[in-house]
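These notes concern the structure reproduced below.
Throughout, read-outs are computed from the coordinates displayed, never taken from laboratory work. Only a predicted model underlies this, so the values are computations on that prediction, with no experimental measurement involved. Cβ atoms come from the backbone with ideal geometry, glycine included; neighbour counts cover every protein chain shown.
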Amino acid sequence: MEIRKKLYIELFLFLASVVSGVTALLLAIGGYSEQVFLEYLSSPKLVFLNIAPVILLIFLFYGILGTAATAYAFGSVITLVISLCNYYKLVFRDDPLLFEDILIIREAANMTGTYELFLNAKIIGIILVTVGILFLLYKAEKRLGKKCSSKKRVITILLTVGICGVLYPVYQKDKVYTSFQNYQTLNANSQTQIFVSHGFIYPFIYSISQNKDKAPEGYNEKDAVAYLAAYSEEDIPAAQKVNVFAVMREAYVDFSQYKIDGLDCSGYDLYHQLQAESYAGQLYVNIFAGGTTYTEREFLTGSFHIKNYRSNVNAYPWYFRKQGYTVEGSHPFHEWFYNRRNINQYLGFEKYRFYEGDYETMTNSYYPEDKYLYSEIYKDFTNNKTTGKPYFSFSVNVQSHGPYDTTQNNGEEYLVGGQYSDACSE
């Protein structure tokens, strides 16, 4: 009879832990559609990866503290607090809570003052359910009596820690993480929505490994230190503070270099003229058909290991600002794409313009043409002249962005002589 009583409490605690994990999933969607939550439930494996850490956390407290009610109170409150932090961050900034955010808690605390927190029916309901379960656990434990024995507590702690040790590598595997394609409602091109598509607890734990800098193959710290010692940090002389414009174009290639018979290359004449007047060379990138921000952020930071930055990073825009430059940029596409809205500020941009509330007022085109982008870059440059400060601009175009239509053209003929097919190459 005594064994049954203890099992009854532990079964109750297990079910309560499951409910706490489910509430974290309910909050994981932030301001996105409730349909996303239903899509979570369609993947038992995804549900398990989100709920298991909550169960293990509560049972770890059970082993440490010895009472189910207290263990549930600590575990569920921790789960609820970080889930609400993620929820509000998604609603206010369309940016999820990553492990690195915990490491910069002071900056996060300062930022909360700029937003007005709120309660809605969902949050109030979750709080009431949590308090109700805690009350029932307390009453049940008080009625059945006796705390968990010391021996059982030790076994619970060891078992919980052991399971965590087995599961943790699974949470860090890229292959497992990318196996979930939960994008019926969400967009796979948004870093934020990729995170949301995995729930909250699971991608939060996965983000631990993403915070670590990885040394490139063949890296030697002593050699790097010796190499850098040959250079000294100096300010740009006032007479040499030229205006700097960098424009990254999607999928741009000079086809004239391939000597294709019958291909009209007159469109490159101005480009070749600029080459002749400039320092020019070939750029080789480490991505293909996606991952645009790897190239742009590698250019801006000089780093090959790009992260989902959560705080100011050592980047050229910050350097130019330190040198007295105005630092701005422009990209006539959605601000949520690759989370540029949040990350560009960490790279050092004072102002960055996007499609929302800006280019969308100029054209109905989903991919605004370069004529709008270039004219706005020049307008920002001329506006800056009144400040007397030199200007640094980094912009990314979108006119030439894929997908590319293989069924329509504008009637112009680029290839002549019938040597090439209109069909796509495999």
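Structure notes:
- Each peptide in 352-360, 149-157, 53-61 gets a packing score, the mean of other Cβ atoms within 10 Å over its residues, and the list from highest to lowest is 53-61, 352-360, 149-157.
- Calculated from backbone phi, Karplus (6.51, -1.76, 1.60) coupling profile of the stretch 21-30 in Hz, x at Gly/Pro: x, 5, 5, 5, 5, 5, 7, 4, 7, x
- Distance between the pseudo-spin-label points of Arg143 and Asn286 (7 Å out from Cα toward the beta carbon): 6.1 nm.
- In this structure the amide hydrogen of Val244, modeled in the peptide plane, comes within under 5 Å of the amide hydrogens of Tyr391, Phe392, Ser393, none closer than 5 places in sequence on its chain.
- Members of Lys45/Lys175; Lys175/Lys212; Lys212/Lys351; Lys241/Lys307; Lys322/Lys385; Lys241/Lys322 lying beyond 20 Å, as alpha-carbon distances in this model show: Lys212/Lys351; Lys241/Lys307
- Ranking Leu158, Ile51, His198 by how far each Cα lies toward the positive end of the dipole of the stretch 2-210 (charges on Cβ) leaves Leu158 at the top.
- Take 179-191, 195-207 and order them by the average number of nearby Cβ atoms within 10 Å per residue, most first; the result is 195-207, 179-191.
- Note, ³J(HN,Hα) from phi for the stretch 90-97, Karplus 6.51, -1.76, 1.60, rounded to Hz, x at Gly and Pro: 5, 5, 7, 10, 6, 9, x, 8
- Here is the tail figure for the chain: Cα pairs spaced more than 33 Å apart come to 50 percent of all pairs.
- Cut-off 13 Å between beta-carbons: net charge of the residues surrounding Trp336, Lys and Arg +1, Asp and Glu -1: -1
- Kirkwood Rh in Å, taken over all unlike Cα pairs in the stretch 236-396: 17.5
- Pairwise FRET efficiency - Ala251 versus Ile163, Cβ, R0 = 56 Å, nearest 0.05: 0.75
- Across the stretch 2-210, the fraction of Cα-Cα pairs farther apart than 27 Å, rounded to a whole number, is 34%.
- Gyration tensor analysis over the Cα atoms of the stretch 328-375 returns equivalent ellipsoid semi-axes of 19, 11, 8 Å (largest first, whole Å).
- Protection proxy ranking of 76-88, 227-239, by the mean of other Cβ atoms within 10 Å over each peptide's residues and highest first, is 76-88, 227-239.
- Amide H contacts under 5 Å for Glu335: Tyr355, Glu356, restricted to partners 5 or more places along the chain or on a different chain, H placed in the peptide plane at 1.01 Å from N.
- 3J(HN,Hα) along the stretch 132-142, derived from phi through the Karplus expression 6.51 cos²θ - 1.76 cosθ + 1.60 where θ = phi - 60°, amounts to x, 5, 4, 5, 5, 5, 4, 5, 5, 5, 5 Hz, with x in place of Gly and Pro.
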